[in-house]
Amino acid sequence: SIYKKCELKINKGIAVFLDNKCRFSDQKIPVGIIGICEEENFSALEILKNNKIATVCCGMGNKNSITLSSVGNDALFTCLQRSIQNSDGEIIEQGEYKIKLTKSYLPFSVMASAAILLLKGITPYEF
């Protein structure tokens with residue numbers, strides 16, 4: 001697909017970066033946006049850093065905000081490793097969240113989905 005740079009006229013939201021391509025390198029991202037990407041998505045991390053955007057990093061390392069801590073056949077646990085501020089300004093404390101699975105998903109999809117729910121203030125005991 002062809003990416004066309006445009007002015008983003010929003011002041012609040014969540015941007016999920018799925019791939020490690022440079023097509024957004026010159027994009028200006030408003031300060032009220034929160035970014036979500038994989039720990040190895042260096043293009044997204046650079047864009048988010050250059051725009052001074054709060055970022056939730058997903059991966060299996062101890063430097064990531066969201067990780068997978070346990071994986072089973074019908075459920076897994078995501079771990080919020082450090083406190084984050086949700087889109088309403090409330091602090092979400094670190095913790096583990098059980099996610100029931102009905103089929104197989106890519107790890108980043110699960111971690112990014114958990115991050116979105118947490119950032120929107122949805123913190124049930126079990127997703």
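The values are calculated or read from the model by the stated rules, or taken from the named source; none is laboratory data. Note that the structure is a prediction, hence the values are computed from the model and not measured. Cβ atoms come from the backbone with ideal geometry, glycine included; neighbour counts cover every protein chain shown. Surface accessibility is based on the protein's heavy atoms, side chains included, excluding ligands, DNA and RNA. Shrake-Rupley method; radii C 1.70, N 1.55, O 1.52, S 1.80 Å.
Restricting to the stretch 74-100, name every residue that is open to solvent by less than 20 Å² (accessible area, probe 1.4 Å), among the polar types (S, T, N, Q) and at pLDDT below 90. Once the filter is applied, which keeps residues that are open to solvent by less than 20 Å² (accessible area, probe 1.4 Å), among the polar types (S, T, N, Q) and at pLDDT below 90, the stretch 74-100 yields only Asn86. Considering only residues in the stretch 87-112 that are of a type in the set (Gly, Ala, Ser) and closer than 18 Å to Ala54 by Cβ, the one that is nearest to the chain's Cα centre (by Cα) turns out to be Ala112.
Residues are listed down the side, and each one gets a yes or a no for (1) acidic (Asp, Glu); (2) touching a residue at least 24 places away in the same chain (Cβ under 8 Å):
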residue: Phe77; (1), (2): no, no
residue: Arg82; (1), (2): no, no
residue: Asp88; (1), (2): yes, yes
residue: Glu93; (1), (2): yes, no
residue: Lys98; (1), (2): no, yes
residue: Phe108; (1), (2): no, yes
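Can you name every residue in the stretch 101-127 that is outside any loop (DSSP other than H, G, I, E, B) and either loosely packed, with under 14 Cβ neighbours inside 10 Å or at positive phi (or both)? The answer is Ser109, Glu126. Look at the stretch 35-48: where a residue is in contact (Cβ under 8 Å) with a residue 12 or more places away in the chain and a partner is open to solvent by 50 Å² or more (accessible area, probe 1.4 Å), sitting 6+ places away or on another chain with Cβ atoms under 6 Å, you get Gly35/Thr55; Ile36/Val16; Asn41/Asn20; Ser43/Asn20; Ser43/Cys22; Ile47/Phe24; Leu48/Thr55.
Among the residues of the stretch 45-91, those that are among the hydrophobic types (A, V, I, L, M, F, W, C) and either in contact with a Lys or Arg (Cβ under 9 Å, 6 or more places away or on another chain) or more than 14 Å from Ile14 (Cβ to Cβ) (or both) comprise Leu45, Ile47, Cys57, Met60, Leu68, Val71, Ala75, Leu76, Phe77, Cys79, Leu80, Ile91.
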